[in-house]
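What follows is a set of notes on a single structure, which appears directly below.
The values are calculated or read from the model by the stated rules, or taken from the named source; none is laboratory data. Worth saying up front: this structure is predicted, and the values here are computed from it rather than measured. Note that each Cβ is placed from the backbone with ideal geometry, even for glycine, and that neighbours are counted across all protein chains shown. For the accessible areas, the whole protein counts, side chains as well, though only heavy atoms, and no ligand, DNA or RNA atoms are used. Shrake-Rupley method; radii C 1.70, N 1.55, O 1.52, S 1.80 Å.
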Amino acid sequence: MKFIHTADWHLGSQLHNIERKKECEMFLQWLTSTIIENEIQALIIAGDIYDKATPSIEAQTMYHRFLASLVGTCCKNIIVVGGNHDSAHLLDANKDLLRLLNISVVGSISNLELEKACFKLFNAHDEVIGICMAVPFIREAELHNIVVDDDSDADNFYASAHKRIYDTLYRIAKKIRNDERVPIIATGHLYASNLEGRLALARSQDSHDDGMKVIDVLGNLGNIPPHIFPPVDYVALGHIHYTTMVDKNPSIRYSGSPFVMGFDDADIPHYVLCVDVKGGECPIVQKLETPSPYRYKRISGTVDEIKHKLNEMIAESVDNAEHKETFIELCYVRMYDVDIDVVLEDTLKKLPAHIKIINRKPIEQNDATKNIHDTTYSVHELKALTDKEIFTKLILTNIQCDEKSEEGKALLEKFLPLFMKVAAEIE
């Protein structure tokens with residue numbers, strides 16, 4: 001069985017007000033062509049199709065036009081599961097109609113018989129080529145409704161409840177498969193532990209539970225251990241925005257987002273995964289780099305270092321005929337009483353029309369060579385923080401500002417009192 005695994009499209013998202021419609025349309029047209037050229041039999045979209053629960057009409061139109069572009073092609077199976085950014089109700093609203101077009105949508109498994117989350121996949125000759133366990137993002141409230149008799153302690157509930165659901169679906173999938181030697185494919189939209197690559201987690205000396213550090217307070221949502229997944233032939237995951245394996249297992253993977261979702265990942269390639277798998281065999285996975293009409297770049301350092309790098313880009317643009325539209329974020333070492341635009345005035349005037357400075361962020365000297373998004377805290381460190389401190393850090397991390405900056409002060413002054421009021425009411 002040959003299929004494409006992709007996720008985290010976040011249609012309708014914005015990056016510093018950059019118009020991304022052209023970028024999304026280029027990707028979707030490329031994906032349609034890639035599916036046809038490679039004779040792909042199935043497409044799995046593992047959550048976060050949209051960036052918001054209430055996506056724009058434009059974002060919905062792009063999504064539905066793409067689905068329509070695959071009707072009548074070699075791709076006879078399209079599987080769409082909901083992510084944490086998606087509205088399950090919106091995705092599920094048209095699922096009965098889409099099912100007539102061989103498009104299976106599982107926005108949520110709440111109030112859904114688990115048997116309906118498992119189904120057969122067919123080729124052009126109506127022969128069974130695989131079984132899919134379509135698992136979307138599952139919110140904690142849904143877990144408590146589905147797994148009502150779980151006696152695990154609170155720290156283990158999220159993982160153990162997921163394991164119960166996956167084990168139940170695996171039994172159903174094996175029953176559906178019967179004696180046919182076809183692969184079983186599972187999906188998921190969650191944060192798994194033991195990742196490789198940019199978010200690889202080192203064992204903490206100050207260990208707790210499995211000794212792993214917590215990354216991104218809001219994005220962690222469970223830190224699911226790999227053992228919760230049953231021995232299926234492939235697990236197609238979404239939620240992490242770069243391509244990686246889980247626990248060095250070639251059968252459990254994140255495809256990553258096909259787009260640059262922030263300047264912190266501007267310099268890494270983005271992919272969809274082309275997977276060829278047979279029942280009981282290790283999958284053959286090919287990474288297909290996605291196209292973009294734009295180039296994103298983050299330049300960090302002192303003002304002099306930034307000036308030098310910009311001048312290098314100007315010189316390169318003279319020799320490069322491609323002239324792809326380029327958006328740059330400048331992360332400069334903070335200089336009090338110095339306006340970076342004034343210091344760089346002459347250099348900025350030389351920038352070609354296709355190179356645009358889209359954002360400027362001051363950083364401290366010690367952060368000049370460090371990714372300013374990569375703020376990590378151990379479990380013990382998080383427990384030591386007050387609600388006010390956690391919310392303060394989340395605001396400042398989100399806007400990438402120091403609490404001493406005017407922007408940071410203004411936002412903290414605006415939102416902290418509201419948060420503390422809500423926290424007090426909940427308490």
Worksheet entry | Some residue of the range 174-184 being modelled with pLDDT of 95 or more, touching a strand residue (DSSP E or B) at 6+ places or on another chain (Cβ under 7 Å), part of a strand (DSSP E or B) and buried (at least 20 other Cβ atoms within 10 Å of the Cβ) | yes
Worksheet item: Do the conditions hold for GLU23, that is, is it in a helix (DSSP H, G or I), surrounded by fewer than 23 Cβ atoms within 10 Å (Cβ to Cβ) and in contact (Cβ under 8 Å) with a residue 60 or more places away in the chain?
Response: yes
Response to the item:
Those residues of the range 418-427 that are open to solvent by 80 Å² or more (accessible area, probe 1.4 Å) and more than 30 Å from the chain's Cα centre (by Cα) come to a total of 4
Item to complete: Provide a single number: the residues in the range 227-250 that are open to solvent by less than 20 Å² (accessible area, probe 1.4 Å) and not in a loop (DSSP other than H, G, I, E, B).
Response: 8
Fill in: Output for the range 341-367, where each listed residue is within 15 Å of THR302 (Cα to Cα) and either modelled with pLDDT under 85 or exposed (fewer than 15 other Cβ atoms within 10 Å of the Cβ) (or both)
ASP341, VAL342, ARG360, ILE363, GLU364, GLN365, ASN366, ASP367
Discussion item. Conditions first: (1) within 24 Å of ILE44 (Cβ to Cβ); (2) modelled with pLDDT of 80 or more; (3) of a type outside the set (Lys, Arg); (4) open to solvent by less than 30 Å² (accessible area, probe 1.4 Å). ASP126 passes all but one, so which condition is the exception?
Written reply: (4)
Practice prompt. Residue by residue through the range 291-339, note down the ones that are in a loop (DSSP other than H, G, I, E, B), surrounded by fewer than 19 Cβ atoms within 10 Å (Cβ to Cβ) and at pLDDT 85 or above.
Written response: PRO291, PRO293, THR302, LYS324
Response to the item:
Of the residues in the range 102-123, those that are in contact (Cβ under 8 Å) with a residue 60 or more places away in the chain and surrounded by fewer than 20 Cβ atoms within 10 Å (Cβ to Cβ) number 1
Worksheet item: Quick one: in the range 124-138, which of the residues that are assigned to a loop (DSSP other than H, G, I, E, B) and touching a residue at least 12 places away in the same chain (Cβ under 8 Å) is farthest from ASN223 (Cα to Cα)?
Response: ALA124
Worksheet, complete the sentence: A careful count of residues in the range 279-290 that are surrounded by 12 or more Cβ atoms within 10 Å (Cβ to Cβ), without any contact (Cβ under 8 Å) to a residue 24 or more places away in the chain and either of a type outside the set (S, T, N, Q) or within 20 Å of VAL343 (Cα to Cα) (or both) gives 1
Fill in: Any hit, the range 152-161, residues being among the hydrophobic types (A, V, I, L, M, F, W, C), surrounded by 15 or more Cβ atoms within 10 Å (Cβ to Cβ) and either over 19 Å from GLY238 (Cβ atoms) or without any contact (Cβ under 8 Å) to a residue 40 or more places away in the chain (or both)
yes
